[in-house]
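See structure below.
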Amino acid sequence: MASVEARSITTIEMPHHAKSRVLRWAGRRILAFRTDAVLRARVIVDSVSGDATEADFPAPWSRDKSGQDAVSPDLTYAVFVGPHSVRVVESNGKTRWEFFHQCRTVFGRAFIPSGDMECSCMRTSDSVETGSCHVTPDSRLIWAHVATPTALDTPGTPQGEAWLLLDASDGRIVHRIDLHDLYATNSRHIPHPDGQGIALCLGSDPDDITIIWGSWDGREANTRRAETEPGIILCDISPAGNEYVTLTPSTDVLTRYRSADDSPIIEIDYEALTTHPDADDPNDLPVWDQMCGYIDGDTIIASTSDLDDQWGRHRHWTLHSAEPSVPVEIAYPVPVTGVPTALGDGTWIARSDAEPNRVHLWARRMP
């Protein structure tokens, strides 16, 4: 089978044992590294002049107690999503504000009405459900998924989830949608490339994974649930915003959808993949990993690293719109590991076991 050749554009140093994620806005990509002590943010693609290119933000709690943290695109503040609150922290360590909500520990959920009252949960041992957040391109607003009730709610407010749009300057609620029928153990925000739209994928029971679309036009916010069947994981939105890609919880089917009406374009299941060359059984097919994304408007990158790990060589694949059901393996000059992260501008990020404290920024090698 033909392959796509990858070339390394640059390598980026990362803190030891850090958890990484990419934050995206039009013209700017920030790579965020989270350790127990700090969230380090570094701009890797930037068409905005005059802003900082790197910043560290002291973390208020350990990374295993955090959900999907974020930073503002101008790197003036970080947003930490914890088991009891959403907290905005500036680079000097000063807390700008904190928004308290229902405790997210799995056992013995307890509500914190204010910052003066300690929660009765076991902060050091209980497993934690997680929320998530995303900052708007102008750094003025924050989308945040929280547990309810919140500290501002009246007694008797039902337990559940809420999607909030918060003012970054003071934590004031600009817009709110309550989701009392959901109890999500985790969530993920995916921004639309137009800068106004945003998608929230709420994970709970595999049959209840829900996708919600939101938008902010500078005056008002709107939200709606996606017209897709429950139980699919939203992975990424295309650079043009006209489609998005999902995976089933079992990761055996990858599907592209039209953004306008949530109608499916094509499904690519695991049977399109090829057996690992070191596998004993030629019928031992892998399944997709739990995340994939758009390298550009025509190409999706996905991987089979989880099951490939037993043979020692992880494989990444491209799916091109010209041949949408034909996965093409990526040929790297060095072995890579784990799941790649697409940046939507023709590049992607992937790690190598040979350099555990670095990540590589990759692009396709042109003929």
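The values are calculated or read from the model by the stated rules, or taken from the named source; none is laboratory data. All values derive from a computational prediction rather than experimental measurement. Because the Cβ atoms are built from the backbone with ideal geometry, glycine has one as well, and the counts that use them run over all protein chains shown. Surface areas here come from the heavy atoms of the whole protein model, side chains and all, with no ligands, DNA or RNA. Shrake-Rupley method; radii C 1.70, N 1.55, O 1.52, S 1.80 Å.
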**Q.** Answer residue from the range 346-367, given it is open to solvent by 20 Å² or more (accessible area, probe 1.4 Å) and under 16 Å from Arg42 (Cβ atoms) and is modelled with the highest pLDDT among those
**A.** Arg351
(Q) Please count how many residues of the range 139-180 are of a type in the set (D, E, K, R) and either at pLDDT below 95 or in a strand (DSSP E or B) (or both). (A) 5
Q | Among residues of the range 334-355, those that are out of contact with any Cys (no Cβ under 9 Å at 6 or more places or on another chain), in contact (Cβ under 8 Å) with a residue 24 or more places away in the chain and more than 15 Å from Glu5 (Cβ to Cβ), counted | A | 8
Q: Kindly indicate the residue of the range 297-333 that is in contact (Cβ under 8 Å) with a residue 40 or more places away in the chain and of a type in the set (A, V, I, L, M) and also farthest from Ile44 (Cα to Cα) among those meeting that condition.
A: Val326
**Q.** Options Leu31, Leu39: the member that is open to solvent by less than 10 Å² (accessible area, probe 1.4 Å), more than 24 Å from Asp296 (Cα to Cα), aliphatic (A, V, I, L, M) and not in a loop (DSSP other than H, G, I, E, B)
**A.** Leu39
Q. With respect to the numbered conditions (1) out of contact with any helix residue (DSSP H, G or I) (no Cβ under 8 Å at 6 or more places or on another chain); (2) open to solvent by less than 50 Å² (accessible area, probe 1.4 Å), which one is the sole condition not fulfilled by Leu182?
A. (1)
**Q.** Verdict on Glu98 being open to solvent by 10 Å² or more (accessible area, probe 1.4 Å), out of contact with any helix residue (DSSP H, G or I) (no Cβ under 7 Å at 6 or more places or on another chain) and at pLDDT 95 or above
**A.** yes
Q.
Can you report the number of residues in the range 193-239 which are over 20 Å from Leu179 (Cβ atoms) and surrounded by 18 or more Cβ atoms within 10 Å (Cβ to Cβ)?
A. 6
Q) When both residues are 6+ apart or on different chains and their Cβ atoms are under 8 Å apart, which pairs have a first residue that lies in the range 10-22 and is farther than 19 Å from Met291 by Cα and open to solvent by 60 Å² or more (accessible area, probe 1.4 Å), and a second that is part of a strand (DSSP E or B) and among the β-branched types (Val, Ile, Thr)? A) none
Q. Under the condition of being farther than 24 Å from Arg24 by Cβ and among the β-branched types (Val, Ile, Thr), which residue from the range 273-299 is surrounded by the most Cβ atoms within 10 Å (Cβ to Cβ)?
A. Val287
Q) Could we say that Thr274 is under 22 Å from Ala350 (Cα atoms), in contact (Cβ under 8 Å) with a residue 60 or more places away in the chain and over 23 Å from the mean Cα position of the chain (by Cα) here? A) yes
Q) If you take the residues of the range 240-251 that are within 17 Å of His189 (Cα to Cα) and touching an Asp or Glu at 6+ places or on another chain (Cβ under 8 Å), which of them is surrounded by the fewest Cβ atoms within 10 Å (Cβ to Cβ)? A) Gly241
Q) Does Ala184 satisfy the criteria of being part of a strand (DSSP E or B), at negative phi and within 19 Å of the chain's Cα centre (by Cα)? A) no
Q. Given the range 53-96, what strands (runs of 3 or more DSSP E) lie entirely inside it while holding 2 or more residues that are over 14 Å from Leu141 (Cα atoms), in contact (Cβ under 8 Å) with a residue 24 or more places away in the chain and of a type outside the set (A, V, I, L, M, F, W, C)?
A. 54-58, 85-90
Q: Go through the residues of the range 211-226 one by one and say whether even a single one is out of contact with any Phe, Trp or Tyr (no Cβ under 8 Å at 6 or more places or on another chain) and over 30 Å from Asp167 (Cβ atoms).
A: no
Q | Complete set of residues in the range 286-314 that are in a loop (DSSP other than H, G, I, E, B) and modelled with pLDDT of 90 or more | A | Pro286, Val287, Trp288, Asp289, Gln290, Met291, Cys292, Gly297, Asp298, Thr304, Arg313, His314
Q: Working only within the range 252-272, note down all residues that are under 15 Å from Leu285 (Cβ atoms) and open to solvent by less than 10 Å² (accessible area, probe 1.4 Å).
A: Leu254, Ile268
Q) Taking the range 18-48 as the search range and keeping residues that are closer than 22 Å to His192 by Cα and more than 19 Å from the chain's Cα centre (by Cα), which one is modelled with the highest pLDDT? A) Asp46
Q) Right, Pro230: in a loop (DSSP other than H, G, I, E, B), in contact with a Phe, Trp or Tyr (Cβ under 7 Å, 6 or more places away or on another chain) and more than 27 Å from Asp308 (Cβ to Cβ) or not? A) no
